[in-house]
Amino acid sequence: MRTNLPVTAQEVLLEEGKTIVSTTDLQGNITYANPYFIDISGFTEEELIGAPQNILRHPDMPVEAFADMWATVRKGLPWTGMVKNRCKNGDFYWVAANVTPVIENGKPVGYMSVRTKPGRDMVAQAAAAYAVFRDGKAQGQRISRGKVVADGPLQRLWTGMRLSLAARVALAGVLPAVALAACAASLFNNGGNVLATFAVLAALAALYLGWTLHGAIVAPLRAATHHARQMAGGDLTATVDVTRDDEAGELLAALRQMNVNLRSIIGDVRSNFELIERATGEIASGNMDLSGRTESQASSLQETASSMEQLNSTVRQSATNVADADRLAGHAADMAGQGGDVVSQVVATMGGISASSHRILDIIGIIDGIAFQTNILALNAAVEAARAGEQGRGFAVVASEVRALAQRSASAAKEIKTLIDQSIDKVDAGTQLTSSAGAIMADVIASVAQVKQVMNDISQTATEQSTGIGQVNQAVASIDDITQQNAALVEQAAAAAGELVQQTRCVAQAIAVFKVQGQAATRGMSRGQPRLAA
C-alpha cells in the first residue's frame, strides 16, 4: 500500500454544491480531473493526469476499504463509501465517493469517480470505523460495497440462505403449481389427508411469497419509476434512498449513482458555461469598445493627415521665403561691403581735409605773426618818421622791412589760396563720396526693409507651422492614448479568449465521460487537449 507523507491535521472542507469528478483507466491511472478536483487537491493538472489514483491516498485510510472498492467495481458494480484523501501539502479532505465502472461494448474500460461533500456525522462514523480497521481490531466486521457490516458464521450463513428476487419469483410459480397438482391428486384419490395438508401449506406459502414479492418488486419499481421520471424531467435534486440489497436495491442504487453522476456533470457543465458566458460577454464588450476606439482613432488619423498636408504646404512656403531671405541677405551684405568701402574713402578724405585745415591754421598763425610785426614796424616807422621829420632814413629802413613783410604776407596768402583750393577740391570729393555712400546706404536700408518683410513672412509661417505642429502633437497624443487603451483591450480579449478555451476544454472533458447515442466516450487524451466523444 502506498504511503503518502507528510500529513497535517488541517482539514479542507468541500464547498456546498460542488463536486469532484475524475476518471481512471483500468489500472487506476487518472485520465481526467475536473477543475475543482485540481483546486482542492493542490496538484496541477499535469501532475494528476497519468498519475495513479493512490497519489491522493491518505495514511489513515484502511487497506480493506480500497480492496473492497476495487473488488466491487471490477465486478461491474458501483461502489459508494467514505474516503479520506490527502492534499499535496499534507492537508486532508473527506468525500462521499461514488465510483462507477465505465462500460463500452459491454466491457469496463475505466472508472468514473464522483465525490461530494459528506455530512459531519458521516465523517465522524467513517473516521471511527476506519480507525478500528487500521488498528487491526475489526474482529467480526468487514467492509462490503463501501459499508461496514457484521462478519461471522451466522451472518455468512444468512447471506448464503437469502434467496434472490429471481429465485423467489421462480418459487412463486413452482409452489402454486405443486399445490394445484397435490389438490388434483387428492381429488383423484378421494382426498388424502397428507396431500390435502401439503396443498394447504403450499397455497399459504404461495400467498406469502406473493405478498413478499409485491413488497420486493412493486414498491421498489414504483419508487424507481418515480425517480426516473424526475430525472427525465430534469429534476436532479431528489435523493434516492437505498434500503435493500437485492435486485430492486441494485436498481435503486444504479438510479442513485446515475443521479449523482448526472448532477455532478451538469453542475460542472453549468459552472463552466457560466464562466464561458462571462468570458464571452467580456470579449463582446471589449470588442465593441475596441471598435468604437478604432473609429475614433481613424478619425484622429484623418485629422492628422489634413494637418500634415497643411503643415507640408506651410513648410514649402517657408522654404521659398527662406531662399528669398538668403538672396536678399546676400545682396544686403554686398551693399554693406560697398558702403564700408565708401565710408573708408570718406574717412580718408576727411582726414586729408583735417590735415589741410591744420596747415591753414599754421599759415594763418604765420600771417598773424607777420601782420603783428608789420604793425610794429609800421608803428616804428611812424615814430621814426616823426622824429626825423624831413629826414627819413629810418623810415626807409622800416619801409624796406614792411615791403619784406608784405611779400611774405603775399606769399602766405598765395599758399593759403592754394591750400583753400585744395581743401575745396577735397571737400567736393568728400561730398561726392558722401553722396555715393548715402545712395549705397539707401540701398542697404531698402534691402534691410525687404529682409525685414521676408522675416515677417517667415515669422508668420513659423506661427502657422507651430499651430500645425501643435495639432499634430495633439493628434499623435490622442492616437497614443487610444493605442494604449486598445492594447489593454486586446490583452483583456486575449485573457478572456484563453479562459474561454480553457473552460470549453473542461466542458468537453466533463461531457466526454458519457456515452451519447452509441458514441463511446474517449478515455485517452493527449495532455492539454480536450477529451471529445469519439
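The values are calculated or read from the model by the stated rules, or taken from the named source; none is laboratory data. All of these numbers come straight from a predicted model, not from anything done at the bench. Here the Cβ positions follow ideal geometry from the backbone for every residue, glycine too, while neighbour counts run over all protein chains shown.
Structure notes:
- Some residue of the range 8-27 being more than 33 Å from the chain's Cα centre (by Cα), crowded, with 19+ Cβ neighbours inside 10 Å and among the acidic types (D, E): no
- Taking the listed residues T31, T44, the one that is loosely packed, with under 15 Cβ neighbours inside 10 Å and of a type outside the set (F, W, Y) is T44, with no other qualifying.
- Residues of the range 56-86 that turn out to be surrounded by 18 or more Cβ atoms within 10 Å (Cβ to Cβ) and under 14 Å from N4 (Cβ atoms), as a count: 9
- A single member of N261, N272 is modelled with pLDDT of 70 or more, in a helix (DSSP H, G or I), of a type outside the set (D, E, K, R) and more than 30 Å from L489 (Cα to Cα), and it is N261.
- Qualifying residue in the range 243-251 (condition: part of a helix (DSSP H, G or I), under 21 Å from L77 (Cα atoms), charged (D, E, K, R) and at pLDDT 70 or above): yes
- Checked against (1) at pLDDT 75 or above; (2) within 22 Å of the chain's Cα centre (by Cα); (3) not β-branched (V, I, T), R293 passes all but a single condition, namely (1).
- Summed over the range 96-115, the residues that are among the β-branched types (V, I, T) and either within 20 Å of I38 (Cβ to Cβ) or not in a strand (DSSP E or B) (or both) give a count of 2.
- Test for W94: is it buried (at least 21 other Cβ atoms within 10 Å of the Cβ), modelled with pLDDT of 95 or more and not β-branched (V, I, T): yes
- Going through (1) closer than 30 Å to I440 by Cα; (2) surrounded by 15 or more Cβ atoms within 10 Å (Cβ to Cβ); (3) modelled with pLDDT of 70 or more one by one, M350 falls short only on (3).
- The residues of the range 487-509 that are modelled with pLDDT under 75 and either over 13 Å from L275 (Cα atoms) or in contact with a strand residue (DSSP E or B) (Cβ under 7 Å, 6 or more places away or on another chain) (or both), listed by number, are A487, V490, E491, A493, A494, A508, Q509.
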